[in-house]
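Working notes for the structure below.
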Amino acid sequence: MRLLLVEDDPMLGNSLKQALQAQHYVVDWVQTGLSALTALQTEHFDLAVMDLGLPGLDGVRVIEEVRDQRLPLPILILTARDSVEDRVRGLDAGADDYLLKPFDLNELLARLRALGRRNNAAVAVSNELRYGDIVLDTTHHQASFQGQPVNLSRREFLLLEVFLSRPGQVFTRQQLEQSLYGWGEEVESNALEVHIHHLRRKFGNEVILTVRGVGYRLATENRA
């Protein structure tokens, strides 16, 4: 999942970015409300973690703008503002959850998983994505095929999660690369093809189909 982190504290922002990346999130980090709004208007994100006390445009105004534009983005507020009025204002602006600083990382991760499930019908019932003999455990970041564990790199896992979450969708190269790489990360010209080749080798050549001139999609036939 691609996540936008909006946090103006450099130390906390950097620590959070590293912790979230370790949990297989693709994280883009901005430090101002205006940068957050620009990113959300021009890029696709699956989740956002939003501080309220931002320089310039504060977090509540960013959330209000996002909701005014009807962007279907789950937003978790992460802030030191602990008054009831602040919580009500943030939730009424359109946030989906509210977590106070200081916080426990495991609780933050659990809340993000819950928001991801709520926004994705494919994992609404459990933390597993299934396709034929493929099982992807999105909580523990484990994969299996025909009952046997399969070792996946971080980006192989992310790529397979994208396909299994929306099995009928055709993804362009740009969409897939945005799901795998954050801003500033170098993307080699054939990196996507290499990841897809590895997935086909581990799960079968027919699992991911090439749609000529468009991109890739998960095969829709029943392979169970």
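Name the pairs whose Cβ atoms lie under 8 Å apart, with the first residue in region 27-52 and in contact (Cβ under 8 Å) with a residue 40 or more places away in the chain and more than 25 Å from Asp82 (Cα to Cα), the second among the small types (Gly, Ala, Ser) and in a helix (DSSP H, G or I), and 6 or more positions between them or separate chains?
Asp28/Ala39; Phe45/Ala39; Asp46/Gly116
Determine which single condition Ser144 fails, assuming it passes every other condition in (1) at pLDDT 90 or above; (2) assigned to a helix (DSSP H, G or I); (3) of a type in the set (Ser, Thr, Tyr).
(2)
Need the failing condition index for Arg117 against (1) part of a helix (DSSP H, G or I); (2) of a type in the set (Lys, Arg); (3) exposed (fewer than 13 other Cβ atoms within 10 Å of the Cβ), just the number.
Failing condition for Arg117: (3).
Given the criterion closer than 27 Å to Ala114 by Cβ and either outside the structural domain of Thr38 (by TED's automatic domain parsing) or not in a helix (DSSP H, G or I) (or both), identify the matching residue among Glu161, Glu188.
Just one listed residue meets the conditions, Glu161.
Are any residues in region 187-204 loosely packed, with under 10 Cβ neighbours inside 10 Å and modelled with pLDDT under 90, and if so, which ones?
Within region 187-204, Glu188, Ser189, Asn190 qualify.
When you go through Glu65, Glu7 one by one, which is the residue that is outside the structural domain of Gln174 (by TED's automatic domain parsing) and touching a Gly at 6+ places or on another chain (Cβ under 7 Å)?
Only one candidate qualifies: Glu7.
Taking the residues in region 78-112 that are β-branched (Val, Ile, Thr) and assigned to a helix (DSSP H, G or I) as candidates, determine which candidate is farthest from Leu5 (Cα to Cα).
The extreme case among them is Val84.
Return the residue satisfying two criteria in turn: it lies in region 1-43 and is hydrophobic (A, V, I, L, M, F, W, C) and surrounded by fewer than 16 Cβ atoms within 10 Å (Cβ to Cβ), and of such residues it is modelled with the lowest pLDDT.
Ala22
Looking at Arg70, Arg87, can you tell me which residue is touching a strand residue (DSSP E or B) at 6+ places or on another chain (Cβ under 6 Å), free of Cβ contacts under 8 Å to residues at least 40 places away in the same chain and outside the structural domain of Thr210 (by TED's automatic domain parsing)?
None of the other options fit; the residue is Arg87.
The values are calculated or read from the model by the stated rules, or taken from the named source; none is laboratory data. Owing to the predicted nature of the structure, the values given are computational and were not obtained by experimental measurement. Virtual Cβ from ideal backbone geometry, glycine too; neighbours counted across all protein chains shown.
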